[in-house]
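To keep things clear, I will list the structure first and then write my remarks on it.
The values are calculated or read from the model by the stated rules, or taken from the named source; none is laboratory data. None of these values were measured; they are calculated from a predicted model. Cβ placement follows ideal geometry from the backbone for every residue including glycine, while neighbour counts extend to all protein chains displayed.
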Protein chains: 4
Amino acid sequence: MSEWFEMEIRVRYCETDAMGVLHHMNYLAYFEAARTELFRDLGGNYRALEERGFYLVIVKSECNYKKPAHYDDVLTVRVRVSRMSGAKLEHDYEITRGETLIGTGHTILACVDKSGNIHRMSEELLYNENYLPNRES
Amino acid sequence: MSEWFEMEIRVRYCETDAMGVLHHMNYLAYFEAARTELFRDLGGNYRALEERGFYLVIVKSECNYKKPAHYDDVLTVRVRVSRMSGAKLEHDYEITRGETLIGTGHTILACVDKSGNIHRMSEELLYNENYLPNRES
Amino acid sequence: MSEWFEMEIRVRYCETDAMGVLHHMNYLAYFEAARTELFRDLGGNYRALEERGFYLVIVKSECNYKKPAHYDDVLTVRVRVSRMSGAKLEHDYEITRGETLIGTGHTILACVDKSGNIHRMSEELLYNENYLPNRES
Amino acid sequence: MSEWFEMEIRVRYCETDAMGVLHHMNYLAYFEAARTELFRDLGGNYRALEERGFYLVIVKSECNYKKPAHYDDVLTVRVRVSRMSGAKLEHDYEITRGETLIGTGHTILACVDKSGNIHRMSEELLYNENYLPNRES
């Protein structure tokens with residue numbers, strides 16, 4: 001379980017929809033952008049992980065939409081690792097605008113290699129750029 | 001609870017990501033496209049509903065990612081109303097490619113008017129283009 | 001120069017913006033979807049081309065926006081090859097809704113292999129799935 | 001003609017495609033995001049402009065793709081007003097990653113009110129939040 005990490009994202013015009021609000025699919029994009037930054041904050045680099053041949057693939061996403069966000073709003077996107085167990089890495093998310101809660105979310109990721117084999121999650125695998133797990137296991 | 005309705009969607013290049021697969025946020029776009037067609041199939045017209053001043057806003061989404069989909073795949077997207085109760089309209093989703101289950105999902109929508117007031121869901125409200133609920137209620 | 005090829009695309013809710021219209025970046029997505037279908041219509045398969053190790057990368061795009069399109073509109077997207085010369089493949093596009101011209105466009109693509117080397121365009125390269133150009137050339 | 005204004009944008013995973021690069025439609029999204037910031041930098045506020053009942057609608061876009069950008073790249077997006085004449089507002093764009101030119105672009109916008117009437121561009125209209133043009137004209 002990590003601390004909460006936060007970043008700001010300004011809503012782009014192209015991310016709004018005809019209701020005049022941030023379209024709900026973009027919450028997943030914001031979660032992903034925040035996850036990238038949390039990963040970096042924890043000492044890793046997701047791009048480098050892929051270059052080593054490992055991919056974090058999404059297994060499940062959940063999102064609760066509380067209040068609409070609008071074009072040009074500056075949102076705070078918070079993310080933390082809520083659980084790492086076996087092959088699964090779980091994150092919690094919160095999006096706020098000032099004191100207003102815009103939405104919350106949860107995702108589960110799994111780690112696979114290029115052949116699609118699932119790998120056990122570990123801090124070494126994720127954050128140590130020299131670590132290569134035993135492929136036999 | 002409605003019957004399953006299905007439509008085909010071909011994966012666009014712009015919907016894939018650097019892993020070479022359909023990016024997970026687009027599952028929500030496919031669910032939404034299928035929901036529009038189910039709505040039409042049930043005798044309604046979502047665009048006309050908005051023109052009458054009512055909006056179905058998303059309250060919650062869940063998505064389970066089972067197998068990757070790729071550029072140019074023709075996917076079958078299935079949707080059904082799983083529950084309509086009070087202010088909530090719930091849908092289930094399934095995405096398949098042939099016999100392969102690509103993903104499943106669930107969403108909860110609420111009906112609001114232009115002022116943001118929540119309206120009770122009813123088949124009349126949703127599918128009868130002449131129906132206007134008592135705004136007092 | 002090919003004949004015009006056409007396909008229908010229904011505007012998705014997520015493709016609209018806060019002005020209530022199809023957001024302009026999606027014209028490029030529609031052009032691309034139509035290009036895929038034209039490619040297939042001409043006997044090729046863009047996905048198979050990539051599997052042979054060749055990529056059509058975009059060099060230039062132009063788009064003229066004539067009239068807005070809206071959610072749930074059924075648009076006709078027309079595309080034709082307007083020029084194939086040396087390393088460049090050019091396409092023209094037209095988007096209409098009934099008699100109304102929504103937009104026009106033009107793109108230039110180049111063919112590169114996995115190493116980023118540019119390859120001369122030819123009908124054989126594009127549409128003959130057994131053809132492999134002399135990599136020395 | 002304005003000075004060049006610049007902002008940084010980090011490429012999101014969802015903006016890449018199966019070629020492993022920033023998908024070309026997102027250049028238009030980046031141009032738009034930079035335009036919003038330039039507008040603010042010049043003393044205006046595009047969101048407030050819309051709230052006054054005026055919209056800048058896109059008439060034409062052009063984009064030249066020079067070099068690919070990748071996930072997690074930090075790009076510099078530059079924008080300037082290149083021309084304001086009658087009903088048209090034109091912008092130039094440049095995207096770079098360090099010394100590498102990723103792409104260039106040009107857009108033409110027109111100003112319309114809620115009824116779709118075209119309004120003459122002026123610095124007052126765009127940047128003075130109290131200014132309301134003579135609707136008779």
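Here are some notes:
- Cross-chain or 6+ apart pairs with Cβ under 8 Å, the stretch A:1-25 first and under 23 Å from A:R40 (Cβ atoms), then of a type in the set (S, T, N, Q) and surrounded by fewer than 20 Cβ atoms within 10 Å (Cβ to Cβ): A:M1/A:S82; A:E6/A:T76; A:M7/A:T76; A:E8/A:T76
- Residues of the stretch A:45-70 that are assigned to a loop (DSSP other than H, G, I, E, B) and at pLDDT 95 or above: A:K66, A:K67, A:P68, A:A69, A:H70.
- Within the span defined as the stretch B:67-74, one or more residues are within 14 Å of chain C (Cβ to nearest Cβ), farther than 21 Å from A:L22 by Cα and among the aromatic types (F, W, Y).
- Every listed requirement among (1) surrounded by fewer than 18 Cβ atoms within 10 Å (Cβ to Cβ); (2) away from chain B (no Cβ under 14 Å) is met by C:V57 save one, (2).
- Count of residues meeting criterion [under 28 Å from A:P68 (Cβ atoms) and either in contact with a strand residue (DSSP E or B) (Cβ under 8 Å, 6 or more places away or on another chain) or in a strand (DSSP E or B) (or both)] in the stretch A:96-116: 12
- Test: residue in the stretch C:3-10 that is basic (K, R), surrounded by fewer than 18 Cβ atoms within 10 Å (Cβ to Cβ) and more than 19 Å from C:T96 (Cα to Cα): no
- Subset tally (residues that are assigned to a loop (DSSP other than H, G, I, E, B) and either within 13 Å of the chain's Cα centre (by Cα) or aliphatic (A, V, I, L, M) (or both)) for the stretch D:71-88: 1
- Filter pass, C:R40 being under 18 Å from B:I9 (Cα atoms), more than 13 Å from the chain's Cα centre (by Cα) and without any contact (Cβ under 8 Å) to a residue 60 or more places away in the chain: no
- Candidates A:H91, A:H119, A:H106 - the one that is over 30 Å from D:L38 (Cβ atoms) and in contact with a Lys or Arg (Cβ under 7 Å, 6 or more places away or on another chain): A:H91
- Enumeration of residues in the stretch B:85-103 that are surrounded by fewer than 18 Cβ atoms within 10 Å (Cβ to Cβ), modelled with pLDDT of 95 or more and not charged (D, E, K, R): B:G98, B:T100, B:L101
- Residues located in the stretch A:98-137, provided they are in contact with an Asp or Glu (Cβ under 9 Å, 6 or more places away or on another chain) and among the aromatic types (F, W, Y): A:Y131
Condition check ((1) in contact with a Phe, Trp or Tyr (Cβ under 9 Å, 6 or more places away or on another chain); (2) farther than 22 Å from C:M19 by Cβ) across all residues:
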residue	(1), (2)
D:R80	yes, yes
D:E90	no, no
D:R97	no, yes
D:K114	yes, no
D:S122	yes, no
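- C:T100 meets all of the listed conditions (1) under 30 Å from B:N45 (Cα atoms); (2) in contact with a helix residue (DSSP H, G or I) (Cβ under 8 Å, 6 or more places away or on another chain); (3) of a type in the set (S, T, Y) but one, namely (2).
- The set of residues from the stretch C:1-44 being more than 8 Å from chain A (Cβ to nearest Cβ), assigned to a helix (DSSP H, G or I) and among the aromatic types (F, W, Y) comprises C:Y27, C:Y30, C:F31, C:F39.
- Residues that are over 15 Å from C:E3 (Cα atoms) and β-branched (V, I, T) within the stretch C:76-104 comprise C:T76, C:I95, C:T96, C:T100, C:I102, C:T104, listed in sequence order.
- C:D92 vs. criteria of a type in the set (D, E), touching a strand residue (DSSP E or B) at 6+ places or on another chain (Cβ under 7 Å) and outside any strand (DSSP E or B): no
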